[in-house]
1. Residue under question is residue 120, and the condition is that it be in the same structural domain as residue 269 (by TED's automatic domain parsing), surrounded by fewer than 16 Cβ atoms within 10 Å (Cβ to Cβ), in contact with a helix residue (DSSP H, G or I) (Cβ under 9 Å, 6 or more places away or on another chain) and touching a residue at least 12 places away in the same chain (Cβ under 8 Å); does it hold?
2. Inspect all residues belonging to segment 84-105 and state whether any of them is closer than 27 Å to residue 297 by Cα, in contact (Cβ under 8 Å) with a residue 40 or more places away in the chain and out of contact with any helix residue (DSSP H, G or I) (no Cβ under 9 Å at 6 or more places or on another chain).
3. Can you give me the number of residues within segment 89-107 that are part of a loop (DSSP other than H, G, I, E, B) and surrounded by 15 or more Cβ atoms within 10 Å (Cβ to Cβ)?
4. Just one of the numbered conditions (1) assigned to a loop (DSSP other than H, G, I, E, B); (2) over 26 Å from residue 232 (Cα atoms) is not true of residue 149; which one?
5. Kindly indicate whether residue 288 is exposed (fewer than 12 other Cβ atoms within 10 Å of the Cβ) and in contact (Cβ under 8 Å) with a residue 40 or more places away in the chain.
6. State whether the residues of segment 214-229 include one that is at pLDDT 90 or above, over 28 Å from residue 115 (Cβ atoms) and not in a strand (DSSP E or B).
7. I'd like the full set of residues that are more than 12 Å from residue 21 (Cβ to Cβ), in contact with a strand residue (DSSP E or B) (Cβ under 9 Å, 6 or more places away or on another chain) and part of a helix (DSSP H, G or I), limited to segment 230-249.
8. Determine whether segment 270-280 contains at least one residue that is out of contact with any strand residue (DSSP E or B) (no Cβ under 9 Å at 6 or more places or on another chain), touching a residue at least 12 places away in the same chain (Cβ under 8 Å) and under 30 Å from residue 96 (Cα atoms).
C-alpha cells in the first residue's frame, strides 16, 4: 500500500513556513553562526562556526540589539572580518551570534543540539481523524506483454498506469509492481520498469487501485529555543501567522505535494524550561501546530471484466433439515 501525503510532507510544509516567518527567512538558506564583538556600527567576526554557510548581506543579527542587520562588507566577505551593521551598539566580549533561526526535526537519536543557539524543533505528537474514510475505485485495463523486467504496453483501454501500481494478469507473477515509466505517453502506451523478471505474452492486463482517503488532523509540537527571551517572540510569531489567512495562503502557494497541507491554527505559546545535555536549564517556548491533511492510502485491487451468472437450487444445495 502507498500513502500520500506522508507525515514527512506535513513537516516539510511546516518547515518551509517557519523559515519564512522567523528571522533569517526566505531566500537566505541556512543561517550562519559565528562568534563576534560589536563596536558602534562595526561587527567584528572572530570565527565562523558554520563552515560552508557564509554570512550574507542584509541578514539579521541574532544576539545583537533587536533589529540589527548587516548592511555592508568590511574586511570580511562571508567569514572572519569586519561588517557594517545598521544599529550602533557595543558588545566588548566575544558572543555567539547568528543570521537566523535553524529549523530541525525532533527526536533524532544521539543528535547534538545545533551550533546555532536560536533554533526551532518540530516533533509530531498525534494524528486524529476528522471523519469516516471516503473510498474510490479506479480500474486500469490495458493490452501489454512482459519481457524480463520491462512491461510493454500497446494500448490503454481504461484508466492510466502509474508508478506503484500492481499489475494483474492470468500469468503475471503475484506482487508485480510498476517502478517507473521508461518511454511513451505518460500513463499510456510505452514501456515500464517492473519489480520482477518474467515472461508474459501479449494480452489483457490490469492495474486497478482502490483509494482510501482519511481527512485528519496532524499535530506537530514546535519548540523555540534561544539563549535569551526571543524564543517567546518566535513562538508568538508562529501562533499569530498560523491563525490568519496569511498562513493559509502561504501553504497553498507551496509546490506539490506540500500544498496539500492546510494550516488550522496554533495553540497559545507556553514557557517550558529545557534541560540540555550539560544538565543546564535553557529558555524554551513551545506550542502545538494543528495541520489538516487528506491522507490517501492506495491499495491494489483486481477487477473482473465479466461475470458469469448461473442459477443454483437453494433447496438442493441446502436441503431443509
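1. The answer is no for residue 120.
2. Looking through segment 84-105, none of the residues is closer than 27 Å to residue 297 by Cα, in contact (Cβ under 8 Å) with a residue 40 or more places away in the chain and out of contact with any helix residue (DSSP H, G or I) (no Cβ under 9 Å at 6 or more places or on another chain).
3. If we filter segment 89-107 for residues that are part of a loop (DSSP other than H, G, I, E, B), which is where we start, we get 99-101, 106-107.
From what is left, the residues that are surrounded by 15 or more Cβ atoms within 10 Å (Cβ to Cβ) are 99-101, 106.
Qualifying residue count for the region: 4.
4. (1)
5. In short, no.
6. Looking for residues that are at pLDDT 90 or above, over 28 Å from residue 115 (Cβ atoms) and not in a strand (DSSP E or B), one finds none in segment 214-229, hence no.
7. To start, the set of residues in segment 230-249 that are more than 12 Å from residue 21 (Cβ to Cβ) comprises 230-232, 243, 245, 248-249.
Next, only the ones that are in contact with a strand residue (DSSP E or B) (Cβ under 9 Å, 6 or more places away or on another chain) stay: 230-232, 243, 248.
Hits for segment 230-249 are 230, 231, 232, 248.
8. Yes - at least one qualifying residue is present in segment 270-280.
The values are calculated or read from the model by the stated rules, or taken from the named source; none is laboratory data. Computed from a prediction, not measured in an experiment: that's the story for all the values here. Using ideal geometry, Cβ is built from the backbone for each residue, glycine included, and neighbour counts are taken over all protein chains shown.
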